[in-house]
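Below is one structure, written out as structure tokens; comments come after it.
The values are calculated or read from the model by the stated rules, or taken from the named source; none is laboratory data. Treat the numbers as computed from the prediction; the structure is a model and nothing was measured. Cβ sites come from the backbone with ideal geometry, for glycine too, and all protein chains shown count toward neighbours.
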Amino acid sequence: MSYRQARWIEPTIFELSRPGAIGIDFPEIDEVLQRELKEALDEIPEGLKRRELFLPELSELEVVRHFTRLSQMNFSVSTGMYPLGSCTMKYNPVMNEELAYDEKILNVHPLQPLETIQGCLEIMWRLEQILKEITGMSRFSLQPAAGAHGEFLGCLIIRAYHRDRGLHNKNIMIIPDSAHGTNPASATMAGYQVKVVKSDKDGCVDINELEEIVDEKVAGIMLTNPNTLGVFEKNIDKIVEIIHGVDGLLYYDGANLNALLGKVRPGDMGFDIVHLNLHKTFSTPHGGGGPGSGPVGVVDKLVDYLPSPLVNYDESKGVFYLDYERPKAVGKIKMFYGNFSVLVKAYAYLLRMGGEGLKKVAEASVLASNYLLYKVKKLKGVTLPYAPESPRKHEFVVSLSKLYRETGVTAKDVAKRLLDYGFHAPTIYFPLIVEEAFMVEPTESESKRELDNFYNVLSRIIEEAYSDPEKVKSAPHNTAVGRINEVKASHPKTMTPSWRVYIKRGNKP
Ligand SMILES: Cc1ncc(COP(=O)(O)O)c(C=O)c1O
């Protein structure tokens with residue numbers, strides 16, 4: 001279904017405009033203010049003055065209703081379960097949002113003198129100490145604004161380390177075929193040639209193939225553990241031995257650390273670099289297009305290459321300061337210190353959870369995932385590729401290829417139909433090594449009742465696929481907008497109907 005065929009499109013606020021309607025009355029401007037305004041206006045060069053301003057005219061109630069209706073067209077974790085594997089919304093306490101928007105935090109400027117931002121520096125320093133403890137790394141840079149940004153920084157650090165040691169021939173990054181797409185993209189951007197290593201029948205890195213492709217030119221490997229199939233790399237010791245054996249480094253994609261929190265540390269597994277997604281695992285919602293944070297942690301031998309500044313604490317003076325005296329640093333990756341509000345939320349979350357709370361996060365996320373998997377894999381048309389009898393960690397990937405062959409209903413159709421029942425669609429068609437992939441991450445935050453609801457709805461959709469496939473193929477039916485043309489939706493020249501009306505009225509886009 002195209003955008004135009006959609007059932008209900010909320011007009012834009014410009015289309016709703018009624019000339020003469022008034023939402024809010026401003027007080028009369030007194031003579032003094034009028035004079036001051038005129039003087040100020042006279043100072044603006046003629047050519048820069050705006051000749052007309054098209055502002056929508058509506059009553060207050062119309063404005064409130066318009067924005068409330070728009071907000072209701074949105075799906076959010078506040079309205080329903082969000083089982084989006086690999087990139088989901090985990091536990092995002094509202095309290096942390098409030099803390100991050102406290103005016104003592106909100107109104108601070110990064111260029112203020114250090115003695116006036118000691119509290120902020122302390123938050124960053126303390127957060128770093130906790131992240132070090134959780135991951136087993138020696139130091140962190142809090143600068144990167146996203147997971148992919150952290151990956152890019154990690155690759156730059158690997159490059160700087162090897163160049164510093166005269167190992168200029170190292171130009172290959174090994175990446176498993178189950179990896180998140182950002183891994184090869186980041187490695188390529190950092191100048192590496194990517195070599196893909198296959199997964200074995202258990203969904204882990206194929207050790208024989210790894211041994212075959214690794215040579216002196218390998219700079220490192222980027223691994224997600226548990227990987228995107230939700231499987232823990234059982235041969236991690238062997239992988240570390242192979243990569244370190246050629247002076248390579250191990251990069252840990254820790255975008256989804258919740259399965260391991262308080263249980264295993266990437267540093268203890270033998271990894272040299274880690275990135276975390278604070279905007280997934282540690283409280284900030286992921287995917288809203290808002291600021292994220294992908295801190296990068298490294299072992300001792302790589303600390304010199306972290307970007308500047310690092311936040312340090314001078315114990316003798318009792319002050320926090322910024323260390324810029326780091327000649328080997330790879331340079332800045334983001335303005336100032338990174339997205340500070342996200343750091344505040346992560347710090348608040350970690351303090352509130354404590355060590356024991358974090359272990360419970362790991363246990364609950366793995367339990368929820370396996371509870372659901374146990375039921376889902378028995379559904380008609382569903383199969384579990386790669387070690388079908390083994391449990392998974394925080395997420396699982398089933399294949400709907402059997403369902404597709406038997407009914408013509410695809411993973412995408414099932415995902416769309418879930419929207420009709422009030423669930424966000426899971427991740428589909430990723431990882432690429434699973435046909436008709438359907439990836440679910442229930443998270444640590446959902447109750448058993450909600451998991452059962454999800455299962456019941458999924459099983460009903462699968463029954464529909466066999467009895468009335470067209471119903472599933474044309475879903476969603478109950479959402480504000482039906483199936484959009486996905487090619488057009490991402491084309492810059494494609495305008496929504498409301499934009500066309502706005503332009504027809506003589507306005508410039
Ligand atoms: C495994 C994995 N790696 C990397 C990323 C990239 O993180 P970001 O979206 O913050 O760039 C994601 C996505 O969330 C992910 O799931």
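Taking residues in region 291-320 that are hydroxyl-bearing (Ser, Thr, Tyr), and partners anywhere that are within 16 Å of the ligand (Cβ to nearest atom), the pairs with Cβ atoms closer than 6 Å and at least 6 places apart or on different chains are Ser293/Leu278; Ser293/His279; Ser293/Gly338; Ser293/Asn339; Ser293/Val342.
If you check Thr228, Thr224, which single one turns out to be within 24 Å of Ala346 (Cα to Cα), within 15 Å of the ligand (Cβ to nearest atom) and surrounded by fewer than 24 Cβ atoms within 10 Å (Cβ to Cβ)?
Thr224
Of all the listed residues (Leu379, Leu372), the sole one being hydrophobic (A, V, I, L, M, F, W, C), in contact (Cβ under 8 Å) with a residue 60 or more places away in the chain, crowded, with 20+ Cβ neighbours inside 10 Å and not assigned by TED's automatic domain parsing to the domain that holds Val264 is Leu372. Every test in (1) surrounded by 11 or more Cβ atoms within 10 Å (Cβ to Cβ); (2) in the same structural domain as Gly297 (by TED's automatic domain parsing); (3) of a type in the set (D, E, K, R) is passed by Glu103 save one, and that test is (1). When region 231-259 is limited to residues that are in contact with a strand residue (DSSP E or B) (Cβ under 7 Å, 6 or more places away or on another chain) and assigned to a helix (DSSP H, G or I), the one that is nearest to the ligand (Cβ to nearest atom) turns out to be Ile239. Residues that are farther than 19 Å from Leu432 by Cβ and crowded, with 19+ Cβ neighbours inside 10 Å within region 386-402 comprise Lys393, His394, listed in sequence order.
Within region 67-110, the set of residues being more than 16 Å from the ligand (Cβ to nearest atom), touching a residue at least 40 places away in the same chain (Cβ under 8 Å), among the aliphatic types (A, V, I, L, M) and under 30 Å from Thr224 (Cα atoms) comprises Met81, Ala100.
For Gly262, the conditions (1) in a loop (DSSP other than H, G, I, E, B); (2) out of contact with any helix residue (DSSP H, G or I) (no Cβ under 9 Å at 6 or more places or on another chain) all hold with the exception of (2). Residue pairs whose Cβ atoms lie under 9 Å apart, separated by 6 or more positions or on different chains, with the first residue in region 115-143 and closer than 14 Å to Leu276 by Cβ and the second part of a loop (DSSP other than H, G, I, E, B) and basic (Lys, Arg), are Glu133/Arg265; Ile134/Arg265; Thr135/Arg265; Gly136/Arg265; Met137/Arg265; Gln143/Lys332; Gln143/Lys334.
The helices (runs of 4 or more DSSP H) falling completely within region 1-97 that include 2 or more residues that are of a type in the set (S, T, N, Q) map to 60-72. Residue count for region 145-173 under the criterion of being within 16 Å of the ligand (Cβ to nearest atom) and touching a Lys or Arg at 6+ places or on another chain (Cβ under 6 Å): the result is 1. Residues to consider are Met137, Met124; find the one that is away from the ligand (no atom under 16 Å from the Cβ), closer than 22 Å to Gly297 by Cα and either assigned to a helix (DSSP H, G or I) or not assigned by TED's automatic domain parsing to the domain that holds Met222 (or both). Only one candidate qualifies: Met124.
Leu310 fulfils the conditions (1) among the hydrophobic types (A, V, I, L, M, F, W, C); (2) within 16 Å of the ligand (Cβ to nearest atom); (3) modelled with pLDDT of 95 or more except for a single criterion, (2).
For region 193-207, indicate whether the set of residues that are farther than 22 Å from Ser178 by Cα and assigned by TED's automatic domain parsing to the domain that holds Gly147 is non-empty. Checked against the condition, which is being farther than 22 Å from Ser178 by Cα and assigned by TED's automatic domain parsing to the domain that holds Gly147, region 193-207 yields no hits at all.
Yes/no matrix, rows are residues, columns are (1) within 16 Å of the ligand (Cβ to nearest atom); (2) at pLDDT below 95; (3) surrounded by 17 or more Cβ atoms within 10 Å (Cβ to Cβ):
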position: Lys280; (1), (2), (3): yes, yes, yes
position: Ser283; (1), (2), (3): yes, yes, yes
position: Val303; (1), (2), (3): no, no, yes
position: Glu315; (1), (2), (3): no, no, no
